[in-house]
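Please read the structure below before turning to the comments.
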Amino acid sequence: MTRPQEDTNTARALQGLQSSNSSVRLRAALAVGAAPDPRFVDTLIERCATEPDFYVRDMLTWALTRHSPAVTVPKLVDELRSERGQARSQALHTLSKIGDRRAWPAVTRALLTDADEEVARAAWRAAVVLVPDGEEAELAAVFATQLGRGERETRLSLSRALIALGEVIMPALNAAGTSPDPRVRQHAIATQRLLRDPDAGFEFALEEAKRIVALGPAGQEG
């Protein structure tokens, strides 16, 4: 008896997700998440790849987390092969929110070192959530290859991802601390500082690391 009304609501929500008005898209994503239906999943994922508004993207991710992982995870994993950077980064972000470790094999080294910084940062966050027990040190070694990369926000994202893995990161950081690249050494030392003192703040830790690198062995002793 209610099926025609449900179909009407579904059509209205799907139409709303395609609206040119971001507020309408936001409300549509909220409605979809409030009443999960597998028929929405493909449209939600497609919209994530192109949605320009941060708040709408966040709501799209929330709506996807409201659906069964059995439906969403395989489709999101497929999206990781997209040529569109936003599609990859948003799929990774959504997988990190779902937290289903069956997605772990899809978080490849290629994604962790992706040339698109938004993709790489999303991959780092997802990897920390999804990494199986016992594989943290191997992940830290891959993370360490990215030390010194990018500007402040990218370096801070990587430091946070490393620190989330705990003490297993120390061998990788110690090795990076001997790199011939001063940016890599600075980043490694700053991350070590933050691991020991999370309240120090990234800017303070980075400035201290720059001083240590500039002073060389004498700075390490200080």
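Could you check, for the range 158-168, whether at least one of its residues is of a type in the set (Lys, Arg), in contact with a Leu (Cβ under 8 Å, 6 or more places away or on another chain), within 26 Å of His93 (Cα to Cα) and assigned to a helix (DSSP H, G or I)? No, the range 158-168 contains no residue that is of a type in the set (Lys, Arg), in contact with a Leu (Cβ under 8 Å, 6 or more places away or on another chain), within 26 Å of His93 (Cα to Cα) and assigned to a helix (DSSP H, G or I). Take the residues in the range 122-141 that are surrounded by fewer than 17 Cβ atoms within 10 Å (Cβ to Cβ) and of a type in the set (A, V, I, L, M, F, W, C); name whichever of them is nearest to Ser89 (Cα to Cα). Restricting to residues being surrounded by fewer than 17 Cβ atoms within 10 Å (Cβ to Cβ) and of a type in the set (A, V, I, L, M, F, W, C), the top hit is Ala141. Take Ala205 and decide whether it is of a type in the set (A, V, I, L, M), more than 19 Å from the chain's Cα centre (by Cα) and modelled with pLDDT under 90. Judged against the criteria, Ala205 is a match. Under the condition of being surrounded by fewer than 17 Cβ atoms within 10 Å (Cβ to Cβ) and in a helix (DSSP H, G or I), the residues counted in the range 105-116 number 3.
Restricting to the range 1-51, and then to whatever is over 14 Å from Leu64 (Cβ atoms) and hydroxyl-bearing (Ser, Thr, Tyr), can you tell me which residue is modelled with the lowest pLDDT? Among those that are over 14 Å from Leu64 (Cβ atoms) and hydroxyl-bearing (Ser, Thr, Tyr), it is Thr2. Scanning for something in contact (Cβ under 8 Å) with a residue 12 or more places away in the chain, surrounded by 22 or more Cβ atoms within 10 Å (Cβ to Cβ) and under 18 Å from Ala172 (Cβ atoms), does the range 148-155 turn up at least one residue? No, because not a single residue in the range 148-155 is in contact (Cβ under 8 Å) with a residue 12 or more places away in the chain, surrounded by 22 or more Cβ atoms within 10 Å (Cβ to Cβ) and under 18 Å from Ala172 (Cβ atoms).
State yes or no: is Ala87 surrounded by fewer than 22 Cβ atoms within 10 Å (Cβ to Cβ) and part of a helix (DSSP H, G or I)? So Ala87 fits the description; yes.
Condition test on Arg88, is it of a type in the set (Lys, Arg), more than 15 Å from the chain's Cα centre (by Cα) and at pLDDT 95 or above? It is false that Arg88 is of a type in the set (Lys, Arg), more than 15 Å from the chain's Cα centre (by Cα) and at pLDDT 95 or above. Remark: pairs (first residue in the range 158-183, free of Cβ contacts under 8 Å to residues at least 60 places away in the same chain; second residue of a type in the set (Gly, Ala, Ser) and in a loop (DSSP other than H, G, I, E, B); Cβ separation under 8 Å; 6+ apart in sequence or on different chains) = Ser179/Gly148; Asp181/Gly148; Arg183/Gly148. Among the conditions (1) buried (at least 22 other Cβ atoms within 10 Å of the Cβ); (2) under 19 Å from Gln146 (Cα atoms); (3) hydrophobic (A, V, I, L, M, F, W, C), the only one that Leu95 does not satisfy is (2). Of the residues in the range 72-84, how many are hydroxyl-bearing (Ser, Thr, Tyr) and surrounded by fewer than 21 Cβ atoms within 10 Å (Cβ to Cβ)? Residues that pass the stated criteria total 1.
The values are calculated or read from the model by the stated rules, or taken from the named source; none is laboratory data. The structure presented is a predicted model; accordingly, all values stated were derived computationally and were not measured. Note that we place each Cβ from the backbone using ideal geometry, even for glycine, and neighbour counts take in every protein chain shown.
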